[in-house]
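Beneath this line is the structure, given in structure tokens, with notes to follow.
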Amino acid sequence: MKKLSGIGVSSGIATAKIYKLIEEPIIISEEKISEEKIEENIELLKSSIISSEQQINKIKEIAIKNIGKEKAEVFDAHISILKDPEIIDSTINKIKEERYNAAHALKEIATNFISIFEAMDDEYMKERSADIKDVTNRIIKNILKINIKDLSLINEEVIIISHDLTPSETSQLNPKFVKGFLTEIGGRTSHSAIMARTLEIPAIVGIGKEIFSFEEDEKVLIDGAQGEILYKPTQEDIDISKLKAKKIVEQKLELEKYINKKSISKDGFETEVAANIGSPKDIEGVQKFGAEGIGLFRSEFLYMDSQEWPTEEEQFNSYKKVLEALEGKRVVIRTLDIGGDKHLSYYEFPKELNPFLGYRAIRLQLKEKDIFRTQARALLRASAFGKLAINVPMIATIEEFKEVKAFFDNTKKELINEGIKVGKYELGIMVEVPSVVEIADIFAKHADFFSIGTNDLIQYTFAADRMSEHVSYLYQPFNPAILRKIKKVIDASHEVKKWTAICGEAASEPMLTPIFIGMGLDEFSMSATAVPSIRRLISLIDKSKAEELVNKVLFLETQNEVKEAIQKFFKDNNIEVF
Ligand code: PEP
Ligand code: MG
């Protein structure tokens, strides 16, 4: 038996024999071709592109069955890379002018494109380099007549080991036979990780070269939640893991009962558990896990996924789509929160020493009124198609919020004068700057609601950059300094019959559920997958007892003391957390 570990990116426990996906090496000759061979090589390139297109279309068909139509859209992107005139024309030029053979020419051009994408700051664009590599490698293999391993033909239970899994490989996996995968490289946001979660199979990535010391056909046991791998497990290991797996299945079944239910505490306090999304594509998950609405639609992803400022029409269509899909449930859309660590390829931000303390979110939009107007118009037009709440990020002063409010009022008048219908909407603020907490009672008079962004509120309260691993110990959601702030905000809103949500990561921290219930939080908002588990906990908690817990923890000194008190609460009340 041998143990290895890596980054667990998709949970679940599985035991199966190893299937090593080892690529036949691609050996490309750098020998130049003679003039007579130029046409032949161009033809070879073109016919290999056609074969690659046929193969990708076939994979796409299988992928639609395995992972659904929307996720399989990645292959449309692959087809467009395949047909990209910049890549094809530059390759043909290299063959013609520099007499490179077809494979060598394409490799050179592809390497160039890949390094441009890899050097981009934007994580999403960086990941696109994997797509270019995937497609161009396929064409090169076709040029060289290398056999391409077809994962969709696997017909017995296996766990795959490979250097990495490309998007096209991952989507060929049939979860009936492929019980999990282990890769040498990769991280949490890599394509393969996202696909593994969609397929609901355990996966561990970033394990390192040692993974290749495991031999084909030997047994391996993997725990995707813990990132643990046991090579040649003993029967005892397998028996224990079966018990664990059984428990996970039971817990999953138990959680399913909480999909599409109301969120009510044991003693009848009603709250809501909503979902955070970044694009209309995420609606699928919201519906699957039965969220009671959308508590945060981060509109900046529409801007980040675009090559230029999204138009009013594009934004309107996205917002309308989400509002209609939610059929009258509330959708909170946040105005553009760009800056800090989020950039746009088509906008030059001023150079600042501390971008998280600088020109970000509403600070930028109040200066760039045209950009703000386009978004405001799209939002107000969409308000006629569902229950809309608009949420403004990074508000720090009352003057800012008054200016925003007046801006929306004027934009509304403008639209009505044009004969365009505007529905009802609420206008609230993200509470993430500590100044707002201090005068939450005053803000509560002006804003329709509060949504606490704990991610930023914690970074600004502790003066600790949320991106820096050196000060990550100061991310302290359990610290009384934060809990007191949250209580103050909730109380201020209730004082004037308004509502408060939490949409930062703390909302899905199960250990904090009794605290927020005790404070009377009106809405929790989180990634859709966490909804059933938090809703289940809510149903097991007595609000009256949770209130006593809150009164106690607010006067403790450290976050560890708070955590201990909460653990004791769960134990005393016989509540198992999962
Ligand atoms: C937050 O700050 O908690 C939040 C929800 O916003 P973001 O993480 O997008 O800054
Ligand atoms: Mg924030």
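Below is a table of values for the structure above.
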{"read-out": "Accessible-area composition of the stretch 51-154, carbon plus sulfur, in percent [1.4 Å probe]", "value": "50"}
{"read-out": "Rg ratio (alpha-carbon, reference 2.2 N^0.38 Å) - the stretch 38-155", "value": "1.10"}
{"read-out": "Greater than 21 Å apart at Cα, pairs in LYS247/LYS543; LYS126/LYS179; LYS69/LYS321; LYS209/LYS342; LYS179/LYS252", "value": "LYS247/LYS543; LYS126/LYS179; LYS209/LYS342"}
{"read-out": "Relative counts (whole %) of C-alpha pair distances in the stretch 122-221, using bins that are 10 Å wide", "value": "14, 45, 35, 6"}
{"read-out": "Inverse of mean 1/r across different Cα pairs in the stretch 464-539, Kirkwood, Å", "value": "13.4"}
{"read-out": "Amide H within-cut-off set for LYS20, under 5 Å, with H built and near neighbours excluded", "value": "ILE161, ASP217"}
{"read-out": "Label-point separation, TYR124 to LYS329 (7 Å along Cα→Cβ), nm", "value": "2.4"}
{"read-out": "Net length gained if the chain between GLU313 and GLU564 were fully extended (0.36 nm per residue, minus Cα distance)", "value": "85.2 nm"}
{"read-out": "Residues LYS149 and LYS232, FRET efficiency given R0 of 22 Å [Cβ-Cβ distance, rounded to 0.05]", "value": "0.35"}
{"read-out": "Carbon and sulfur %, accessible surface of the stretch 298-423 computed with the full protein complex present, 1.4 Å", "value": "49"}
{"read-out": "Relative contact order (%) - the chain, alpha-carbon pairs under 8 angstrom, separation at least six", "value": "14"}
{"read-out": "Distance between modelled label sites at GLU495 and PHE349, nm, 7 Å Cα→Cβ extension", "value": "3.5"}
{"read-out": "Two-decimal Rg/Rh across the stretch 408-495, once Rg and the Kirkwood Rh are taken from alpha-carbon atoms", "value": "1.15"}
{"read-out": "Placed amide H near SER263: partners under 5 Å, 5+ positions off or other chain", "value": "THR271, VAL273"}
{"read-out": "Per-residue [θ]222 nm for the chain (sum of -39500 (n - 2.57) over DSSP H runs n ≥ 4, rounded to 500)", "value": "-14500 deg cm²/dmol"}
{"read-out": "Modelled FRET efficiency - R0 51 Å, ILE416 with LEU243, Cβ distances, 0.05 increments", "value": "0.20"}
{"read-out": "Theoretical gain in end-to-end length, ASP305 to ASN57 [0.36 nm per residue, Cα-Cα removed]", "value": "86.8 nm"}
{"read-out": "Förster radius 30 Å - calculated FRET efficiency between ALA463 and ASN573, Cβ distance, rounded to 0.05", "value": "0.25"}
{"read-out": "Whichever lysines have a C-alpha closer than 16 Å to that of LYS369, once near sequence neighbours (fewer than 8 apart) are set aside", "value": "LYS402, LYS405, LYS412"}
{"read-out": "Compactness of the stretch 164-225 - radius of gyration and Dmax, Cα, Å", "value": "11.2, 29"}
{"read-out": "Cα-based shape type of the stretch 486-530, given that a ≥ b ≥ c are square roots of the gyration tensor eigenvalues and the cut on a/c is 1.5", "value": "prolate"}
{"read-out": "Volume per residue that the Cα convex hull of the stretch 254-299 spans, once the total is divided by residue count, Å³", "value": "64"}
{"read-out": "Å² of accessible area per residue within the chain, as computed with a 1.4 Å probe and no ligands counted", "value": "47"}
{"read-out": "Hydrodynamic radius (Kirkwood) for the stretch 1-55, which is based on Cα pairs only, to one decimal in Å", "value": "16.8"}
{"read-out": "Among beta bridges that DSSP assigns inside the chain, antiparallel share in %, nearest 5", "value": "30"}
{"read-out": "Two-decimal Rg to Rh for the chain - Kirkwood Rh, Cα set", "value": "1.01"}
{"read-out": "Heavy-atom accessible surface of the stretch 475-535: percent carbon and sulfur, 1.4 Å", "value": "52"}
{"read-out": "The stretch 227-237 - phi-based ³J(HN,Hα) in whole Hz, Karplus 6.51/-1.76/1.60, Gly and Pro as x", "value": "x, 10, 10, 10, 8, 6, x, 7, 4, 5, 4"}
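The values are calculated or read from the model by the stated rules, or taken from the named source; none is laboratory data. Note that the coordinates shown come from a computational prediction; the quantities given were computed from them, not determined experimentally. All Cβ positions, glycine included, derive from the backbone under ideal geometry; neighbour counts span all protein chains shown. Ligands, DNA and RNA are stripped out before the accessible areas are found, and what is left, the full protein with its side chains, is counted by its heavy atoms. Shrake-Rupley method; radii C 1.70, N 1.55, O 1.52, S 1.80 Å.
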